[in-house]
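A.B. asks: First the structure, which I've put down as structure tokens, then a few questions once you've had a look.
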Amino acid sequence: MMRIGGLMVLLMLVAQGRPAPGKINSTYDKTAAFATFKTYGWIAGQPAFDPAADKTIVSAIDAEMTALGLTKVEGRAGDVTLRYLAVRSTSVDLDKLEELTRQGGDKSGADVTVGRLIVVMEDKASRRLWAADGVERLNPAVADRDQTIKGIVARIFETYPTRQNK
């Protein structure tokens, strides 16, 4: 049941269109009292394939939630639940491939890896309160990847409703 809900949220966000790299899509329930939320818990989403990236994502989101004044509790015991969905894809930059072919260079340099991160907040009735997502080009170097993840999480949380109202 949870997996179906997650897929439905993902499909709704896909229907909005994938944001261009660096841009954030965000939507929220305008009737929800975000300022009253004090606690949150994690529920299953679609974690990053790489366990190290998963840890970075969760840590960055936890830091943002703490900055908002919310305290983490176990599972569904909080005022709200959070989950994230992560998708990574690799494509080929055809212009770069053509250039590398002409130069006789390593054609793997034409690979472009992007990651999409979706954060979803729900109330106890599993009603979606806030969802935001963004797409970023990912560098395979771990230090660069972690900075990219932290950056996209920060930009996602800039769209959190209580921050938008300031």
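The values are calculated or read from the model by the stated rules, or taken from the named source; none is laboratory data. All figures in this text were calculated on a predicted structure; none of them were measured in a lab. All Cβ positions, glycine included, derive from the backbone under ideal geometry; neighbour counts span all protein chains shown.
A.B. asks: List the pairs whose first member sits in the stretch 105-122 and is closer than 30 Å to Arg76 by Cβ, whose second member is part of a strand (DSSP E or B) and polar (S, T, N, Q), and whose Cβ atoms are under 6 Å apart, counting only residues at least 6 apart or on separate chains?
C.D. replies: Within 6 Å, the pairs are Glu122/Thr81.
A.B. asks: Does the stretch 114-128 include one or more residues that are exposed (fewer than 14 other Cβ atoms within 10 Å of the Cβ), out of contact with any Cys (no Cβ under 7 Å at 6 or more places or on another chain) and within 16 Å of Gly45 (Cβ to Cβ)?
C.D. replies: Within the stretch 114-128 (the criterion being exposed (fewer than 14 other Cβ atoms within 10 Å of the Cβ), out of contact with any Cys (no Cβ under 7 Å at 6 or more places or on another chain) and within 16 Å of Gly45 (Cβ to Cβ)), the answer is yes, since at least one residue qualifies.
A.B. asks: Which condition breaks for Asp133 when tested against (1) over 10 Å from the mean Cα position of the chain (by Cα); (2) within 20 Å of Met65 (Cβ to Cβ); (3) among the charged types (D, E, K, R); (4) surrounded by 14 or more Cβ atoms within 10 Å (Cβ to Cβ)?
C.D. replies: (1)
A.B. asks: A further question follows. Kindly provide the set of residues from the stretch 49-62 that are without any contact (Cβ under 8 Å) to a residue 40 or more places away in the chain and either within 19 Å of Phe37 (Cβ to Cβ) or more than 17 Å from the chain's Cα centre (by Cα) (or both), ordered by number.
C.D. replies: Val58, Asp62
A.B. asks: Can you tell me how many residues in the stretch 17-35 are modelled with pLDDT under 55 and loosely packed, with under 12 Cβ neighbours inside 10 Å?
C.D. replies: 1
A.B. asks: Residue check, Leu82 against (1) surrounded by fewer than 14 Cβ atoms within 10 Å (Cβ to Cβ); (2) over 17 Å from Leu138 (Cβ atoms); (3) under 21 Å from the mean Cα position of the chain (by Cα), all met but one. Which one?
C.D. replies: (1)
A.B. asks: Separate question: Among the numbered criteria (1) surrounded by 15 or more Cβ atoms within 10 Å (Cβ to Cβ); (2) within 30 Å of Gly41 (Cβ to Cβ); (3) in contact with a strand residue (DSSP E or B) (Cβ under 7 Å, 6 or more places away or on another chain), which single criterion is violated by Ala110?
C.D. replies: Of the numbered conditions (1) surrounded by 15 or more Cβ atoms within 10 Å (Cβ to Cβ); (2) within 30 Å of Gly41 (Cβ to Cβ); (3) in contact with a strand residue (DSSP E or B) (Cβ under 7 Å, 6 or more places away or on another chain), the odd one out for Ala110 is (2).
A.B. asks: Could you count how many residues in the stretch 136-162 are farther than 17 Å from Ser26 by Cβ, over 15 Å from the mean Cα position of the chain (by Cα), assigned to a helix (DSSP H, G or I) and of a type in the set (S, T, N, Q)?
C.D. replies: Going through the stretch 136-162 one residue at a time, the tally reaches 0.
A.B. asks: Just a yes or no: is a residue in the stretch 111-123 outside any strand (DSSP E or B) and either closer than 19 Å to Thr159 by Cα or modelled with pLDDT of 85 or more (or both)?
C.D. replies: Let us first name the residues in the stretch 111-123 that are outside any strand (DSSP E or B), namely 123.
Checking the rest, the ones that are also either closer than 19 Å to Thr159 by Cα or modelled with pLDDT of 85 or more (or both) come to 123.
Scanning the stretch 111-123 turns up at least one residue that is outside any strand (DSSP E or B) and either closer than 19 Å to Thr159 by Cα or modelled with pLDDT of 85 or more (or both).
A.B. asks: Here are some residues: Arg83, Arg76. Which one is assigned to a strand (DSSP E or B) and either in contact (Cβ under 8 Å) with a residue 12 or more places away in the chain or of a type outside the set (A, V, I, L, M, F, W, C) (or both)? Working first, answer last.
C.D. replies: Working: Arg76 fails: assigned to a strand (DSSP E or B).
Exactly one of Arg83, Arg76 is assigned to a strand (DSSP E or B) and either in contact (Cβ under 8 Å) with a residue 12 or more places away in the chain or of a type outside the set (A, V, I, L, M, F, W, C) (or both), namely Arg83.
A.B. asks: Can you go through Ala63, Ala77, Ala52 and tell me which one is surrounded by fewer than 13 Cβ atoms within 10 Å (Cβ to Cβ) and closer than 17 Å to Gly151 by Cβ?
C.D. replies: Ala52 is the lone residue from the list that is surrounded by fewer than 13 Cβ atoms within 10 Å (Cβ to Cβ) and closer than 17 Å to Gly151 by Cβ.
A.B. asks: Among (1) farther than 21 Å from Lys38 by Cβ; (2) in contact with a helix residue (DSSP H, G or I) (Cβ under 7 Å, 6 or more places away or on another chain); (3) not in a helix (DSSP H, G or I), there is one condition Thr90 misses while meeting the rest; what is its number?
C.D. replies: Thr90 satisfies all of (1) farther than 21 Å from Lys38 by Cβ; (2) in contact with a helix residue (DSSP H, G or I) (Cβ under 7 Å, 6 or more places away or on another chain); (3) not in a helix (DSSP H, G or I) except (2).
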